[in-house]
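Q: Take this structure first; my questions come after.
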Amino acid sequence: MGKIEVLDNSLISLISAGEVVENPASIVKELIENSLDANATSITIEIESGGIERINVSDNGEGILKEDAPLCALRHSTSKIRTKEDIESVRTYGFRGEALASIASMANVVITSRHIDEQVGSRIESKAGGIPSVSDAARPAGTTVTVTNLFENVPARRKHLSNPRVESHRVYETVAGHAIIRNDVGFRLIRDGNLAFECPPNQTPRDRVLCLWGSDIAKHLIDFQHEENGVVISGFVAKPPISRGNRGREYFSVRKRPITDDRLSLAVEQAYSTLLMKGRFPVCCIDIGLDPKMVDANVHPTKREVRVQDIDKIVTMMREAVERAIGKASYQEGKQNTLERRRAPSESATETGKQGVSPTSMGISAQQKTVSEQLVLDSQKLEPDILETMDEIQGAFRILGQFQNLYLLVELDDNLLLIDQHAAHERILYEQLKSRVQENRIPIQELLEPLVLELSPPDKERILDISHELHELGFSVGNFGGNEILVSTLPDVFGSRATREDILAFVDRLLEIDLDSARQGFMDSVMRITACHSAIRAGQGLNNQQISNLLTELLRTPNKFNCCHGRPSILYLSKKSLDKAFGRTGPEAIARFIQRHGHPP
Ligand code: ADP
Ligand code: MG
């Protein structure tokens with residue numbers, strides 16, 4: 001007997017549902033898209049326990065016709081396409097007729113809906129994987145979908161859900177991701193009975209950003225629009241220094257459908273290039289408007305990715321549009337000049353040579369040039385070594401000074417130590433924090449005037465979410481109403497000179513911590529960031545006493561050879577390696593000595 005069998009329908013649903021229903025956020029995404037397809041102008045999303053306990057999405061859209069009610073939760077039932085041609089130019093978010101069926105196969109679902117042209121509405125109720133029952137119901141025109149008992153019939157899936165805080169955050173990002181793109185539609189998100197945000201319908205793109213991200217970002221936005229061959233690239237980008245430590249605030253959409261695409265991200269990042277520091281990412285929201293025939297939305301089960309014709313051209317267009325928007329051209333000219341001035345002598349000599357000015361006319365003879373080039377080459381051979389243990393280096397240290405207000409130069413035995421003042425101090429503070437947290441005795445400083453900081457709603461709520469952990473580290477952070485938080489104490493390592501900007505920058509970094517990491521990892525990230533922000537900066541002048549205090553601390557600190565991000569904090573040059581680089585040792589030096597003195601050294 002053969003081994004192959006055609007699976008029964010409920011099993012097929014369960015398998016394909018796995019692709020669509022990943023977590024509460026993916027359900028919310030599908031329900032919002034259905035509301036948008038029904039031309040709703042206002043959508044309310046309510047969740048409990050991150051959506052694990054309950055999701056409720058309610059809209060004022062066209063509603064479902066009574067005769068369609070029994071069909072809407074069946075697989076491959078859709079009102080959005082009829083023919084093959086329709087798939088080739090999809091104008092709606094949905095078209096696969098899978099979402100409601102998938103959700104209903106993994107959770108209990110109740111849909112109440114009334115079509116605008118009908119007097120009586122319907123109530124469709126189904127238990128996970130069961131057959132839906134339909135009855136009459138009264139409600140204003142529109143649709144409400146309630147999802148409970150998610151994954152109760154698939155325990156393996158339920159186990160894989162994150163904690164409610166993380167799931168809740170994902171839902172937040174999903175709703176905000178749609179809201180930022182569809183500023184014409186009103187969105188309201190309520191979590192565990194609390195209003196997370198509310199954006200009224202028909203906002204200008206700028207007001208929508210203000211509503212979602214707060215005035216700090218909104219103030220730095222540049223709107224732009226660029227049209228070429230029927231493709232419209234439009235949206236806004238934030239001027240540096242507004243940036244993020246990940247791609248979480250890069251929003252792209254194709255015909256207002258949110259998508260992710262590394263090529264688009266890269267194009268925008270290239271447009272910013274040197275305007276952002278390494279490891280920083282732009283804040284932007286960009287839509288690509290084009291003929292639906294040029295888009296194939298049927299390449300990903302949740303339509304997170306789409307295939308766009310001529311994507312290469314669009315990527316180039318996007319890069320150029322963003323470059324123009326942020327005025328990179330003029331900025332780069334300025335930058336070029338300062339770079340030129342700072343270049344090593346040999347390099348700038350060749351550069352100017354290219355421009356028709358000979359090295360001689362600049363006062364450098366050809367011979368001198370080669371000497372200086374040679375010098376540069378030789379000194380490149382002299383690479384300081386990373387200090388990994390103190391075993392080979394001992395004795396009393398003598399402070400020689402500070403180089404570029406950044407590196408401390410210290411003589412220790414016959415070695416020259418080079419210490420990165422920021423990296424070293426960061427390590428000291430981190431180790432201090434760690435042991436104090438373990439002993440539960442973090443010294444704090446009360447701010448004479450508590451600080452009120454305005455944050456965007458998602459940022460505010462993230463900070464309040466982690467306020468318990470922050471408190472353990474000496475930060476008292478509370479809700480001040482509106483978009484504001486109140487900071488009333490800081491750990492004493494933060495130093496009394498911390499300015500408002502310092503604290504805002506610190507808060508910005510806190511927002512980048514992975515909420516999903518285990519508690520230990522989470523606390524550790526906060527401590528690293530605290531240490532980094534409290535440490536002596538590069539560029540800060542230090543006197544010998546301060547340097548000496550820092551060294552004394554550093555020498556008794558564990559893991560002193562690296563900063564807490566893994567960069568080395570101490571390098572050294574041995575006298576031997578200097579002697580060699582200066583030609584004081586080696587066979588040639590001995591030959592020279594003999595020539596001069598008539599005997600070996
Ligand atoms: P799709 O969106 O791909 O058509 P769904 O399973 O998401 O598939 O929805 C099935 C059908 O149910 C839709 O085509 C639509 O006719 C109807 N429907 C679902 N949600 C709504 C809603 N909020 N308002 C009006 N009709 C809806
Ligand atoms: Mg749908």
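Q: Restricting to region 60-80, name every residue that is part of a loop (DSSP other than H, G, I, E, B) and near ligand 1 (Cβ under 8 Å from one of its atoms).
A: Step one: of region 60-80, the residues part of a loop (DSSP other than H, G, I, E, B) are 60-65, 69-80.
Those that are part of a loop (DSSP other than H, G, I, E, B) and near ligand 1 (Cβ under 8 Å from one of its atoms): 61, 62, 63, 64, 71, 72, 73, 77, 78, 79, 80.
Q: Can you find a residue in region 288-302 that is touching a residue at least 12 places away in the same chain (Cβ under 8 Å) and closer than 24 Å to residue 504 by Cβ?
A: No, region 288-302 has no match at all.
Q: Kindly check whether there is at least one residue in region 178-188 that is more than 21 Å from residue 31 (Cα to Cα), without any contact (Cβ under 8 Å) to a residue 60 or more places away in the chain and outside the structural domain of residue 243 (by TED's automatic domain parsing). Even if it seems obvious, please write down each step before you answer.
A: Taking region 178-188 as the starting set, the residues that turn out to be more than 21 Å from residue 31 (Cα to Cα) are none.
Looking for residues that are more than 21 Å from residue 31 (Cα to Cα), without any contact (Cβ under 8 Å) to a residue 60 or more places away in the chain and outside the structural domain of residue 243 (by TED's automatic domain parsing), one finds none in region 178-188, hence no.
Q: Among (1) of a type in the set (D, E, K, R); (2) loosely packed, with under 13 Cβ neighbours inside 10 Å; (3) more than 21 Å from the chain's Cα centre (by Cα), there is one condition residue 519 misses while meeting the rest; what is its number?
A: Exception for residue 519: condition (3).
Q: Quick check: is even one residue across region 78-95 among the basic types (Lys, Arg), farther than 25 Å from residue 189 by Cβ, away from ligand 2 (no atom under 16 Å from the Cβ) and surrounded by fewer than 16 Cβ atoms within 10 Å (Cβ to Cβ)? Spell out how you get there, then give the answer.
A: Restricting attention to region 78-95, the residues satisfying the condition of being among the basic types (Lys, Arg) are 80, 82, 84, 91.
Of the ones still in play, those that are also farther than 25 Å from residue 189 by Cβ are 80, 82, 84, 91.
Retained after the next criterion (residues that are away from ligand 2 (no atom under 16 Å from the Cβ)): 84.
Filter once more, keeping what is surrounded by fewer than 16 Cβ atoms within 10 Å (Cβ to Cβ): 84.
Looking through region 78-95, at least one residue is among the basic types (Lys, Arg), farther than 25 Å from residue 189 by Cβ, away from ligand 2 (no atom under 16 Å from the Cβ) and surrounded by fewer than 16 Cβ atoms within 10 Å (Cβ to Cβ).
Q: Do any helices (runs of 4 or more DSSP H) lying entirely in region 160-246 carry at least 2 residues that are over 26 Å from residue 274 (Cα atoms) and either open to solvent by 40 Å² or more (accessible area, probe 1.4 Å) or touching a Leu at 6+ places or on another chain (Cβ under 6 Å) (or both), and which ones are they?
A: Numbers: elements: 164-181, 205-213, 215-218.
Answer list for region 160-246: 164-181, 205-213.
Q: Quick check on my filter: what residues within region 499-516 are open to solvent by 30 Å² or more (accessible area, probe 1.4 Å) and either within 17 Å of the chain's Cα centre (by Cα) or among the hydrophobic types (A, V, I, L, M, F, W, C) (or both)? Write out each step before concluding.
A: Filtering region 499-516 down to residues open to solvent by 30 Å² or more (accessible area, probe 1.4 Å) leaves 499-502, 504-505, 508-509, 512, 514, 516.
Result: 504, 505, 508, 509, 512, 514, 516.
Q: So which of 90, 57 ends up being farther than 26 Å from residue 193 by Cβ, under 36 Å from the mean Cα position of the chain (by Cα) and within 12 Å of ligand 1 (Cβ to nearest atom)? Show your work before the answer.
A: On the way: 57 fails: farther than 26 Å from residue 193 by Cβ.
When all the criteria are applied, what remains is 90.
Q: Do we find that residue 55 is within 16 Å of ligand 2 (Cβ to nearest atom), closer than 20 Å to residue 201 by Cα and crowded, with 24+ Cβ neighbours inside 10 Å in this structure? First the steps, then the outcome.
A: On the way: within 16 Å of ligand 2 (Cβ to nearest atom): yes; closer than 20 Å to residue 201 by Cα: no; crowded, with 24+ Cβ neighbours inside 10 Å: yes.
It is false that residue 55 is within 16 Å of ligand 2 (Cβ to nearest atom), closer than 20 Å to residue 201 by Cα and crowded, with 24+ Cβ neighbours inside 10 Å.
The values are calculated or read from the model by the stated rules, or taken from the named source; none is laboratory data. Quick caveat, the model's predicted, so the values are computed rather than measured. Because the Cβ atoms are built from the backbone with ideal geometry, glycine has one as well, and the counts that use them run over all protein chains shown. Side chains included, ligands, DNA and RNA excluded: accessible areas come from the protein's heavy atoms. Shrake-Rupley method; radii C 1.70, N 1.55, O 1.52, S 1.80 Å.
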